[in-house]
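Scroll down for the structure; my scribbles are underneath it.
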Amino acid sequence: IIQKAKNYVIEHYAHDVSLITVAEAVYISPNYLSFLFKESGENFKDFVIQVKMKKAEEMLESGNYNLNQIANVIGYKDGRYFSQVYKKYKGEKLIECS
């Protein structure tokens, strides 16, 4: 079940990947999905952020995208919010280059 949930997140990271939507996709309750993640040593929310940040890092490394474009692709509302999440995740501040 956990692997199916993780695959769902990886395939749909740019869309709504809330605990509820992922639980519905794997046909279990959100509480049980949360429990299973904790039992596996992970946190659902942290896993979702990790997936999004890995994709963002790929895009940043290419140098072809600005922060707003990356935010849009990974499912965040804007580049500023994405930058805040990235800083918490990586400990590095992103600066938009013109």
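For the chain, the 222 nm mean residue ellipticity estimated from helices alone, with every DSSP H stretch of n ≥ 4 adding -39500 (n - 2.57) and the total spread over all residues, rounds to -21000 deg cm²/dmol. When log10 I(q)/I(0) by the Debye sum over Cα atoms at q = 0.17, 0.21, 0.25 Å⁻¹ is calculated for this entry, the matching label among [x] -0.74, -1.00, -1.24; [y] -0.94, -1.29, -1.50; [z] -0.74, -1.17, -1.66 is [x]. The GluC sites (Glu not before Pro) found in segment 1-59 that occupy coil by DSSP, while having at most 14 further C-beta atoms within 10 Å, are Glu42. Estimated at 0.36 nm per residue, the fully extended path between Lys90 and Gln50 surpasses their Cα-Cα distance by 13.4 nm.
For the chain, with all protein chains present and a 1.4 Å probe, just round the carbon and sulfur fraction of the accessible area to a whole percent.
Carbon with sulfur: 48 percent of the solvent-accessible area.
Which whole-number percent gives the relative contact order of segment 38-98, counting Cα pairs below 8 Å spaced six or more residues apart? Relative contact order comes out at 24 percent. Helix 30-39 and the longest principal axis of the C-alpha atoms of the chain enclose an angle of approximately 80°.
Counting only heavy atoms of protein chains, what accessible area per residue, in Å², does the chain have with a probe of 1.4 Å?
Spelled out: the 1.4 Å probe surface of the chain, per residue, equals 67 Å².
What is the angle, in °, between the Cα long axis of helix 79-90 and the longest principal axis of the Cα atoms in the chain? Nearest 10 is fine, range 0 to 90. Taking Cα atoms only, the helix is inclined about 70 degrees.
The values are calculated or read from the model by the stated rules, or taken from the named source; none is laboratory data. Bear in mind the structure is a predicted one, so any value in this text is a computation, not a measurement. No Cβ is skipped: glycine too gets one built from the backbone with ideal geometry, and neighbour counts run over all protein chains shown. When the accessible area is computed, the model is the full protein with side chains, heavy atoms only, and any ligands, DNA or RNA have been set aside. Shrake-Rupley method; radii C 1.70, N 1.55, O 1.52, S 1.80 Å.
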